[in-house]
Number of protein chains: 2
Amino acid sequence: MNKEITSRSTDYSQWYNDLVIKGSLADYSAVRGCMVIKPYGYALWENMQQQLDKMFKETGHVNAYFPLFIPKSFLAREAAHVEGFAKECAVVTHYRLKNSDDGQGVVVDPEAKLDEELIVRPTSETIIWNTYKSWIKSYRDLPLLINQWANVVRWEMRTRLFLRTAEFLWQEGHTAHATRDEAISETERMLDVYATFAEQWMAIPVVKGVKTANERFAGAEETYCIEALMQDGKALQAGTSHFLGQNFAKAFDVTFVTRENKEEFVWATSWGVSTRLIGALIMAHSDDDGLVLPPKLAPLQVVIIPIHRNDEQLQQIKTKAEVIMQSLKKDGISVKFDDDDKQKPGWKFAEYEMKGVPLRLALGPRDLENNTAELVRRDTKEKQSVNLDQVTEIIPAMLDAIQHNMYKKALDFRDRNIYQVNSFEEFKATLDDKGGFIAAHWDGTPETEAKIKELTKATIRCIPLNNTKESGTCILTGKPSHQRVLFAKAY
Amino acid sequence: MNKEITSRSTDYSQWYNDLVIKGSLADYSAVRGCMVIKPYGYALWENMQQQLDKMFKETGHVNAYFPLFIPKSFLAREAAHVEGFAKECAVVTHYRLKNSDDGQGVVVDPEAKLDEELIVRPTSETIIWNTYKSWIKSYRDLPLLINQWANVVRWEMRTRLFLRTAEFLWQEGHTAHATRDEAISETERMLDVYATFAEQWMAIPVVKGVKTANERFAGAEETYCIEALMQDGKALQAGTSHFLGQNFAKAFDVTFVTRENKEEFVWATSWGVSTRLIGALIMAHSDDDGLVLPPKLAPLQVVIIPIHRNDEQLQQIKTKAEVIMQSLKKDGISVKFDDDDKQKPGWKFAEYEMKGVPLRLALGPRDLENNTAELVRRDTKEKQSVNLDQVTEIIPAMLDAIQHNMYKKALDFRDRNIYQVNSFEEFKATLDDKGGFIAAHWDGTPETEAKIKELTKATIRCIPLNNTKESGTCILTGKPSHQRVLFAKAY
């Protein structure tokens, strides 16, 4: 156990913060609620971005960039949207500073007040649909399949690194369609892209579902989501895809001429994932020794550490290591030889464990004599002695094995932590004792959902898409229900 | 000549705007001074980013991300910096909106006033050096070689798409070093990276030089730059690399313990290029028919257009085109077959000319009979009939030829437009009649430089790095000078 890291059982929340800070993923900043994403954390984000961007482009999307600022009045155009987003946000009121009279700094120039305040985008539906108005005239202009990689700001009162920060990085897709059906298909397609990314790249199993009205995106007709389970039994929403109906088209008067020469409002979707996914990645897989990163996303996949007593030994090891590295790099595997002489091997072992590097190869003089090396997997900590002639075949196979094992472990954990309960007592007991996803009957009303949240802090995470219909009675009100929904406490 | 585009001779400025708008690179937005970068323009930026990012990583840099907001007091810490950057900027004063009393929208909540205003970053030296303070303790922590891809905001009064916008996208490198020499080497290394990128990728020749004190970055000891010449004879600063000395380390108290166990201030550099480069790319190469994009950065390198009278012909052409495309894609060439039946071939020819696609291949039924196709290069508009069996060899070679020809053409133009003048009369006449870079003697004082700017609008673009020493007298004051410097009117 790494002594620098608080154990999960001691303080889960502190454990998480320790991993973020000591794993060099992010740091606090001088600006309240804003974080600094450090190079190692940013490299992880770049890997996530690269794969998502590829998947977006493969499904026909292109990237564009829209302004950071949104005129205040735009937010008010869509009734539900303004309720959800025009509250806690960063407001630009002035465009100039001037030297203070005492010469001791700068002050806001009262002369430079904006006629209309600008909001730093909390999400971009309004500015984008205002732009689409001039881009869409006819069915020939549709569909528009556009994505944006950007920073957004939501003035959260309680922040946590990656999970909830005032500024965060994300992508937001904003598509425009000629028909309702096409827009719904797009919403579902992008949910599938997110689910595939979460499961195959992040090694995190997710439940695909739709949100209840209470949890829906402000301005959406339907919000689809993927929900993941963290090791402490709390859920984390890992991505959302919204069917926006014609709400934004109506708010910004975006119509098109159909093939039949009629004028109709355009149909919309939006969908996004953010740097929050890094929080999910940490909490889904890591342990008391540090981060455990899935090989497909790890910034560094293999580290080679020399064990030597003198320079001559180091040179021999280095020569061998370089042959191995060349071969691995040819296979697209990222690998580093750490011969930094300021630290001992034991320190390095702990450091790369903390950083979640999937495979560690230790090479000493005796290994060279025996033509072997010691290979250690981060996920299971299993050690094995491998033949150096086979090491470049074993490593790629083992990276695959780690990726699959991490997913399987997370899936087993998730599946073990879905509980069916049939009474409110059982509901509360399960929530307190075990956490996890609780599948329970609910009468379908926002009031009951709100009451359960008030009493237990649990929310309905989603109504799973593959739900089986089943008659029952609501755990709180006893009213009839035709399906179970998934409750959980959530990040 | 494309009728939708104003010719350069009629109105150069309108020609530029036409290319940006009609070439689908960018659009105006509802927010004053902010632009929307459209998918085609963004694809160009992505290609530029990808290559620059690769070059940064090859020179040992890593990416990170720092907050969008800068506390107002940070800007005031470095005396020169505050003069340069704390003036026209977006100021966040509040963090909440609330429903207006009349129920007709939202208003700023006066209760939610920030104790200290936040500035939307115009550049990030201050917030980054405030962060480096906690990252740097010892010489072991140095150098720090960090780059950030980000949006920044400078509240410009007069804006032009790409060239000068309130919000723009850029990268900013911020490095920290143990010695003055190492920091200067880094500054020069990154200037070389920019020059290589401009010349080999953008096909734009540049002059490497240093700025005079008047034109220096606010807070720098020395600003290195690359200067390019546009077709209208005006210069454009295409990238800057700053040696910041210990100015920011002193302002934020960033010291380190040396190998000799002494405490010293850290040495700094910063360097950046922005979406402004897209403006340079347009103005350096394009013509009255539209954009001319260098093959190495063009979002689409080859377009294949079918010329057909019926579906059967189209099918035959398509079959052939698919074979060609498969082969080109294998070589990493981007290619599109445009069989959109809503537009005629002539319209498509004009459209892809406008968009600057380097090569156009037209395929008709007679071509198939003769086993030929018509290939047209965008840069010279030369047409040639090519044998279909050779087309996949000819195309990559011709893309290379276009890239080289574009650079050579721009270099010839630039070299033809460097004028040596020896009197102020000659200076003014050359500036008015020809424009271009004017190499002239200057007495080395900021006052003379300012006076020349006032009288002619020309500024000293740079003192070229490879300048030959030559005795002379200042064109304005007649005082002695030991070298010529480059003057120009500039974007």
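The values are calculated or read from the model by the stated rules, or taken from the named source; none is laboratory data. A quick note: this is a predicted structure, and the numbers were derived from the prediction, not measured. Using ideal geometry, Cβ is built from the backbone for each residue, glycine included, and neighbour counts are taken over all protein chains shown.
Points to keep in mind about this one:
- Applying the set (1) of a type in the set (A, V, I, L, M, F, W, C); (2) facing chain B (nearest Cβ under 10 Å); (3) in contact with a helix residue (DSSP H, G or I) (Cβ under 9 Å, 6 or more places away or on another chain) to residue A:161 leaves exactly one unmet item: (2).
- Output for segment B:85-94, where each listed residue is surrounded by fewer than 23 Cβ atoms within 10 Å (Cβ to Cβ) and assigned to a strand (DSSP E or B): B:88, B:93, B:94
- Listed conditions (1) assigned to a helix (DSSP H, G or I); (2) in contact (Cβ under 8 Å) with a residue 24 or more places away in the chain are all met by residue A:432, apart from (2).
- First in segment A:143-163 and of a type in the set (Lys, Arg), second anywhere and in a loop (DSSP other than H, G, I, E, B), Cβ under 8 Å, 6 or more apart: A:154/A:122; A:154/A:166
- Which listed residue is within 20 Å of residue B:25 (Cα to Cα) and aliphatic (A, V, I, L, M), from A:119, A:146: A:146
- Remark: residue A:166 matches the filter, which requires a residue to be buried (at least 17 other Cβ atoms within 10 Å of the Cβ), within 27 Å of residue A:281 (Cβ to Cβ) and more than 8 Å from chain B (Cβ to nearest Cβ).
- Output for segment A:95-109, where each listed residue is under 12 Å from residue B:89 (Cβ atoms) and either touching a helix residue (DSSP H, G or I) at 6+ places or on another chain (Cβ under 9 Å) or crowded, with 18+ Cβ neighbours inside 10 Å (or both): A:95, A:96, A:97, A:106, A:108
- Only one of the listed residues (A:411, A:476) is touching a Pro at 6+ places or on another chain (Cβ under 7 Å), surrounded by 13 or more Cβ atoms within 10 Å (Cβ to Cβ) and in contact (Cβ under 8 Å) with a residue 40 or more places away in the chain. That residue is A:411.
- Hits in segment B:344-356 - residues which are surrounded by 13 or more Cβ atoms within 10 Å (Cβ to Cβ) and either modelled with pLDDT under 95 or of a type in the set (Gly, Ala, Ser) (or both): B:350, B:356
- Qualifying residue in segment B:169-191 (condition: facing chain A (nearest Cβ under 10 Å) and closer than 27 Å to residue B:285 by Cβ): yes
- Filter pass, residue A:219 being crowded, with 20+ Cβ neighbours inside 10 Å and at pLDDT below 95: yes
- Against the conditions (1) buried (at least 18 other Cβ atoms within 10 Å of the Cβ); (2) closer than 27 Å to residue B:348 by Cβ; (3) polar (S, T, N, Q), residue B:24 satisfies every one except (1).
- Scope segment A:133-143; condition surrounded by fewer than 22 Cβ atoms within 10 Å (Cβ to Cβ), more than 9 Å from every other protein chain (Cβ to nearest Cβ) and not polar (S, T, N, Q); matching residues: A:133, A:137, A:139, A:141, A:142, A:143
- Residues considered: B:186, B:182, B:172. Of these, the only one that is out of contact with any Lys or Arg (no Cβ under 7 Å at 6 or more places or on another chain), under 29 Å from residue B:25 (Cα atoms) and either modelled with pLDDT of 95 or more or assigned by TED's automatic domain parsing to the domain that holds residue B:31 (or both) is B:172.
- Qualifying residue in segment B:340-354 (condition: in a loop (DSSP other than H, G, I, E, B) and touching a residue at least 12 places away in the same chain (Cβ under 8 Å)): no
- Residue count for segment A:110-121, restricted to those that are within 24 Å of the chain's Cα centre (by Cα) and either assigned to a strand (DSSP E or B) or surrounded by fewer than 22 Cβ atoms within 10 Å (Cβ to Cβ) (or both): 1
- Filtering segment A:254-300 to residues that are assigned to a strand (DSSP E or B), of a type in the set (S, T, N, Q) and crowded, with 24+ Cβ neighbours inside 10 Å leaves A:269, A:270.
- Residue match in segment B:21-28 (condition: over 23 Å from residue B:287 (Cβ atoms) and under 20 Å from the mean Cα position of the chain (by Cα)): yes
- Only one of the listed residues (A:83, A:78, A:58, A:88) is under 21 Å from the mean Cα position of the chain (by Cα) and acidic (Asp, Glu). That residue is A:58.
- Positions within segment A:97-106 being within 10 Å of residue B:87 (Cα to Cα) and more than 8 Å from chain B (Cβ to nearest Cβ), in sequence order: A:99
- Matching entry among A:29, A:9, A:13, A:24 (being touching a Phe, Trp or Tyr at 6+ places or on another chain (Cβ under 6 Å) and among the small types (Gly, Ala, Ser)): A:24
- Taken as a whole, the structure places residue B:235 among residues that are surrounded by 22 or more Cβ atoms within 10 Å (Cβ to Cβ), under 22 Å from residue B:487 (Cβ atoms), in contact (Cβ under 8 Å) with a residue 40 or more places away in the chain and small (Gly, Ala, Ser).
- Of the residues B:440, B:401, B:429, the single one that is buried (at least 21 other Cβ atoms within 10 Å of the Cβ) and more than 19 Å from residue B:491 (Cα to Cα) is B:440.
- Restricting A:307, A:333 to those that are over 26 Å from the mean Cα position of the chain (by Cα) and either modelled with pLDDT of 95 or more or outside the structural domain of residue A:377 (by TED's automatic domain parsing) (or both) reduces the list to A:307.
- A residue that is more than 7 Å from chain A (Cβ to nearest Cβ), more than 17 Å from residue A:153 (Cα to Cα) and not small (Gly, Ala, Ser) cannot be found anywhere in segment B:87-96.
- Every pair of residues 6+ apart whose Cβ atoms lie under 6 Å, when the first sits in segment B:109-127 and is more than 9 Å from every other protein chain (Cβ to nearest Cβ) while the second is among the aromatic types (Phe, Trp, Tyr): B:122/B:85; B:124/B:66; B:125/B:248; B:126/B:74
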